[in-house]
Amino acid sequence: MWVFVLFLAWPLIEIALFVTLGGALGLWLTLLIVLGSGMLGIALLRGHGLRTAERLRREMGALRDPMSPVADGALVMLAALLLILPGFLTDALGLLLLIPPVRTGLIALLASRIRVVQTRQTGPARRSDGIVIDGDFVELDTDAESLPPSRSGPPSGWTRH
């Protein structure tokens, strides 16, 4: 229910902020702020994706937990998306997410609410529904007499050639 209320209230808050701050700042400064924050968000999206991938590769190469760099990168991407959306509230939230201690605190808050369960695989491999797939094999004789005649023509498309 609260998500629905937030979904309805968000545009109303943005409109109210546009009217009040736009009246105080003037049309051109308001447009400059909205367009500038959008360009900043686009620049962040373009530049931060590769840096996040590089940090993830370094963390995994050092056998450390890669979730913190992934979460940090995701929050910066969310900040960039919020900056691209027009509005003063989204810009304020986007700028707030660009502050590293805010991101660290938010990651710690979210991490404290997530419970990780580690399981240990013992015995045969099972599918997610618990079914064990068992298989048999038969060795074929590789003599030239036992092989089927070679096929001529184009490949069937079922195998790679």
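Some points to look at:
- Test: residue in the stretch 79-86 that is over 17 Å from the mean Cα position of the chain (by Cα), open to solvent by less than 80 Å² (accessible area, probe 1.4 Å) and either in contact (Cβ under 8 Å) with a residue 60 or more places away in the chain or farther than 21 Å from Pro100 by Cβ (or both): no
- Residue in the stretch 35-58 that is without any contact (Cβ under 8 Å) to a residue 60 or more places away in the chain, among the hydrophobic types (A, V, I, L, M, F, W, C) and more than 30 Å from Val70 (Cα to Cα) present: no
- For the stretch 29-60, the tally of residues that are open to solvent by 90 Å² or more (accessible area, probe 1.4 Å) and modelled with pLDDT of 85 or more stands at 4.
- Unmet criterion (only one of (1) over 20 Å from Leu106 (Cβ atoms); (2) open to solvent by less than 90 Å² (accessible area, probe 1.4 Å); (3) at pLDDT below 90) for Leu63: (2)
The values are calculated or read from the model by the stated rules, or taken from the named source; none is laboratory data. Given the structure is predicted, the values throughout are model-derived calculations rather than measurements. Cβ sites come from the backbone with ideal geometry, for glycine too, and all protein chains shown count toward neighbours. Accessible surface is based on the protein model in full, side chains and every heavy atom, while ligands, DNA and RNA are left aside. Shrake-Rupley method; radii C 1.70, N 1.55, O 1.52, S 1.80 Å.
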